[in-house]
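A.B. asks: Questions regarding the structure given below will be posed in turn.
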Amino acid sequence: MSRRPRIRFDERGLSAIMRHPEVRAALHNKAEEIAARARTIAASEIDDDFASQIRVSDETRPSGRPVSKVEATRDDAPDHEWGSTNTERRRVLGRAGNVQPQTIFRDRGNQS
């Protein structure tokens, strides 16, 4: 009878991992993919000016966690995202960010 290895995560290394340039680059690249989708949606449903004002910003939270955010910087961006009395709710950023989570595990859907 073989025993499965038991893995226990050590959080002390997490802050070092989060500061690693490759992790930050991966976060930024994923945000750029989402921003590209958002620009496409915005250009087709709103206008090119709105699309040109969608940007990626990188920051570090007080906890040390790196974050890459996709932001629409135009003044009426919240109206287009959430809707208002004069603007239809379009959810440009929300729809662009609706990506399926990736997993490191193989598909287990067909197991008996």
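A.B. asks: Within the range 1-44, list the trypsin sites (Lys or Arg not before Pro) lying in a DSSP loop whose Cβ has at most 11 other Cβ atoms in a 10 Å radius. Each step should come with its number before you reach the end.
C.D. replies: On the way: sites: 3, 6, 8, 12, 19, 24, 30, 37, 39; in loops: 3, 6, 8.
Hits after loop and neighbour filter: 3, 6, 8.
A.B. asks: Go through 40, 25, 13 and say which Cα lies farthest out towards the positive end of the charge dipole of the range 5-48; charges sit on Cβ, +1 for Lys and Arg, -1 for Asp and Glu.
C.D. replies: So the residue we want is 13.
A.B. asks: At 1.4 Å probe radius, can you tell me the per residue accessible area of the chain in Å²?
C.D. replies: Using a 1.4 Å probe on heavy atoms only, each residue of the chain averages 81 Å².
A.B. asks: Rank 93, 14 by accessible area, highest first, at a 1.4 Å probe radius?
C.D. replies: 14, 93
A.B. asks: Relative to the longest principal axis of the chain, what angle (0 to 90°, nearest 10) does the C-alpha long axis of helix 21-45 take?
C.D. replies: Rounded to the nearest ten degrees, it is 30.
A.B. asks: How big is the dipole moment of the chain about its Cα centre under a simple scheme where the beta carbon of each Lys and Arg is +1, that of each Asp and Glu is -1, and everything else is neutral? Debye, nearest 20, please. Can you show the working numbers first?
C.D. replies: Values: 21 positive and 18 negative charges, 247 e Å.
Using only the charged Cβ atoms, the result is roughly 1180 debye.
The values are calculated or read from the model by the stated rules, or taken from the named source; none is laboratory data. It should be emphasised that the depicted structure is a prediction, and the values quoted were computed from it without experimental measurement. Quick reminder, even Gly has a Cβ in these numbers, built from the backbone with ideal geometry, and neighbours come from all protein chains shown. SASA here: full protein model, heavy atoms, side chains in, ligands and nucleic acids out. Shrake-Rupley method; radii C 1.70, N 1.55, O 1.52, S 1.80 Å.
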